[in-house]
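First the structure, in the form of C-alpha cells, and then the observations on it.
The values are calculated or read from the model by the stated rules, or taken from the named source; none is laboratory data. Every value quoted in this text rests on a predicted model; they were computed, and no experiment measured them. So basically every Cβ, Gly included, is an ideal-geometry build from the backbone, and we count neighbours across all protein chains shown.
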Amino acid sequence: MAIKEVILTGNDLTIEQIDAVCRGPAVVSLSEEAREAITANRAVIERKVKANMPIYGVTTGIGEFARIQISPEQGEELQRRIVYSHAAAVGEDIPECDVRAAMLLRANMLAKGYSGVRLLIVETLVQMLNKRVHPVIYQKGSVGTSGDLAPLSQMAEVVIGEGRADCNGQRMSGAEAMKAAGIAALKLSYKEGLGLINGTQAFTGVGALALFDAMKLAKNSIIAAAMTFDCVGSNPAGFDPRVHKIKNHRGPIVVAENIRRILEGSQAIPANKGKVQDAYSLRCIPQILGPSLDAIRYAMKEHIDEINGVADNPLFFTEEDEYLATGNFHGQSVAMAQDFLCIAISEFADLAERHTNRLLNPVLSGLPDFLVEGKGLNSGLMVAQYSSAALVSENKILSHPAVVDNISVSADQEDHLCMGSISAMKLTEIVRNTEIVVAIQLMSAAQALDFKRPLRAGKGTEAAYSIIRSKLEKLVNDRPLYPDIEVVTSLVRDGSIVDTVEKAVGEIKL
C-alpha cells in the first residue's frame, strides 16, 4: 500500500517512508509528542542564555573561535552569519529527491528535542516539504564532519528567505519561493543557524535513497543470476541448503533459497547434470551474492540508527536542564557503512558482467556466438558486454573508501573528517552503474532463453523472461543496443521484473 503521510516523531522514520516523501507524493506532519519535546527543549536554552552561560555556537563563536564569548544580543546575529559563512558548497545541483531527503531527515532529527530550536523552525521545514519549496544545494563541499555544513547552509538560506530555490518547477530567489508558497521566511534565534546545519542529514539522506534502490537491485541481481544458471548452468548442487547451513553465513543461505524457488520446474538444468563442477561464477553464486545481502543489512542498521538519532552540537537535555558540547555531528558510522556498501553493490556488477560474458561466449554457453545467428554479418550483444566491462571498471575505482581519508580544517580544531558526502556520491553512482550492468545480464539471459526453446525454464526465470519480452523484441538482426539497454534498465529500476517474479515464486527475501 502506498504511503500517503509520514508523521515525524524523531524515532521511527523508515527507508520506505523516506522514499515516499522524497520521490513520491507523501505529505509530512509533526507528531504531538515531537511538538512538546521541541517546545520544552527550547525553554532550556532560553534559560541558559538569560543566565549568561557560555554556550558553544550560541554565546561563543564557532570552530576555532569558540574561545571568544559574545553577548546574547550578538547571538541572534551570529546564527545568520553562521549560515552565510558556511554556505560554501560547489559543483552541480543535487537532485530534488536528495534535497528533500536532507530537509526531511533534518526535520526528523530536530523533532527529537535536543537541539534547542523553536518549534517554528521544524514547522517551516515541514511546510517547505509539503509545498515543494526546494533549496538549490550544490553537490560538493561537505567533509561529513561537522556534518554537512556547506550543503545544509544552502538549505538554511531559503529558510531565512535568502539563497535560491525551485518552486513549482521554476527557479527563483529564496524569498520569492517562500512567498509564492505562502511560507513566512524566518529570523533565526539562538542556536538555530547551527540547529539547521550541524549534522549528517545531507549525505545520510543520499545514502538512504541509495539503500532503497540497493534492496531492489539485490533482488534483480538474484533473478539475473538464476536466469543465467538456467541458460548455462549444469549442476544445482551449489544451491543445496545443506551446503550453506554448514558454511554458517546468513546471506548465502538466503540467496540459495531464493534461487531454488526461481529455478523450480526448469527443464534445462536436469539435462546437463553430467558436468561435475561449474565455474566459480555459477557454482558460488550464493557465496558471492550472499555477503552483499549481509552488507546491505549492516548498512541499513547504521542508516536507520543515524536517521532516528541526534546529529547536532551543542545538545540540550530537557529533563536534566543541562547543555553539552560534543561530537554527534561526526558521520563516521554512516560514511563507513556507505563505503562498505559501495563494495557490496560493486560485487553485484562484477558477477553480472562475468555471467554476461559466459552467455555470449559460445565455448562457455553452448549457444550461438554473442547470442545471435548470422555471425560475421551480425555482432549480436558483443558490445553490450563492453559497456558492462566499462561500468564494472569504473565501480572498482569508485569503491575506494572515502572514510580513510582525512584533511584537517578549521585551524586544526576539526582534525578528523569522515568525508561522508564523497562516500554517498560514490554509492549513488555505483548503484546507477550496477543497475545497467544487471540489466545487460537480464537482456542477455532473455536472448539466451530464446535459443533454449522448446525447453522451459524455471518458474521465476520464465516470469522474468515474459516481462522483458513484453517490452523488448528478440534480437534477430543487429540494431542499436542502447535503446534496448535503456528499456531493461527501466524495468530493473522501477521494480517491474521483481514484481513479476515475486508473483510467480513468492517474495524474494533479503
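Taken over segment 10-34, residues that are under 16 Å from Lys112 (Cα atoms) and either among the hydrophobic types (A, V, I, L, M, F, W, C) or surrounded by fewer than 17 Cβ atoms within 10 Å (Cβ to Cβ) (or both) amount to 11. Kindly establish whether Ala325 is surrounded by 23 or more Cβ atoms within 10 Å (Cβ to Cβ) and within 30 Å of Gly113 (Cβ to Cβ). It is false that Ala325 is surrounded by 23 or more Cβ atoms within 10 Å (Cβ to Cβ) and within 30 Å of Gly113 (Cβ to Cβ). Could you say which residue among Ala384, Ala349 is under 22 Å from the mean Cα position of the chain (by Cα) and in the same structural domain as Val232 (by TED's automatic domain parsing)? Of Ala384, Ala349, the one residue that is under 22 Å from the mean Cα position of the chain (by Cα) and in the same structural domain as Val232 (by TED's automatic domain parsing) is Ala349.
For segment 154-179, the set of residues classified as without any contact (Cβ under 8 Å) to a residue 24 or more places away in the chain and in a helix (DSSP H, G or I) consists of Ala175, Glu176, Lys179, listed by residue number. Of all residues in segment 109-153, those satisfying the criterion of being assigned to a loop (DSSP other than H, G, I, E, B), aliphatic (A, V, I, L, M) and closer than 26 Å to Ala40 by Cα are Ala111, Val117.
When segment 52-64 is filtered for residues that are surrounded by 15 or more Cβ atoms within 10 Å (Cβ to Cβ) and part of a helix (DSSP H, G or I), only Gly63 remains.
Restricted to segment 454-510, and to residues there that are part of a helix (DSSP H, G or I) and among the polar types (S, T, N, Q), the residue that is nearest to Val383 (Cα to Cα) is Thr489. Which residue is nearest to Glu96 (Cα to Cα), if the candidates are limited to segment 1-26 and must be assigned to a helix (DSSP H, G or I) and free of Cβ contacts under 8 Å to residues at least 60 places away in the same chain? The selected residue is Ala20.
Does Arg453 count as touching a residue at least 60 places away in the same chain (Cβ under 8 Å), assigned by TED's automatic domain parsing to the domain that holds Ala226 and among the basic types (Lys, Arg)?
On the way: touching a residue at least 60 places away in the same chain (Cβ under 8 Å): no; assigned by TED's automatic domain parsing to the domain that holds Ala226: yes; among the basic types (Lys, Arg): yes.
So Arg453 fails the test.
Can you tell me how many residues within segment 138-158 are within 17 Å of Thr204 (Cβ to Cβ) and either in contact with an Asp or Glu (Cβ under 7 Å, 6 or more places away or on another chain) or outside the structural domain of Asn41 (by TED's automatic domain parsing) (or both)? Summing the residues that are within 17 Å of Thr204 (Cβ to Cβ) and either in contact with an Asp or Glu (Cβ under 7 Å, 6 or more places away or on another chain) or outside the structural domain of Asn41 (by TED's automatic domain parsing) (or both) in segment 138-158 gives 4.
Just one of the listed residues (Val49, Val99) is surrounded by 14 or more Cβ atoms within 10 Å (Cβ to Cβ), in a helix (DSSP H, G or I) and modelled with pLDDT under 90, namely Val49. Looking at this structure, is Ala214 under 21 Å from Ser333 (Cα atoms) and either in the same structural domain as Arg106 (by TED's automatic domain parsing) or in a helix (DSSP H, G or I) (or both)? When the stated conditions are applied, Ala214 passes them. Within segment 414-465, the residues that satisfy the criterion of being surrounded by 24 or more Cβ atoms within 10 Å (Cβ to Cβ), hydroxyl-bearing (Ser, Thr, Tyr) and under 19 Å from Cys342 (Cα atoms) are Ser421, Ser423, Thr434.
To keep it simple, each residue is scored yes or no on (1) surrounded by 21 or more Cβ atoms within 10 Å (Cβ to Cβ); (2) of a type in the set (Val, Ile, Thr); (3) part of a helix (DSSP H, G or I).
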| site | (1), (2), (3) |
| --- | --- |
| Thr228 | yes, yes, yes |
| Arg260 | no, no, yes |
| Gln267 | no, no, no |
| Pro286 | yes, no, yes |
| Tyr298 | no, no, yes |
| Lys301 | no, no, yes |
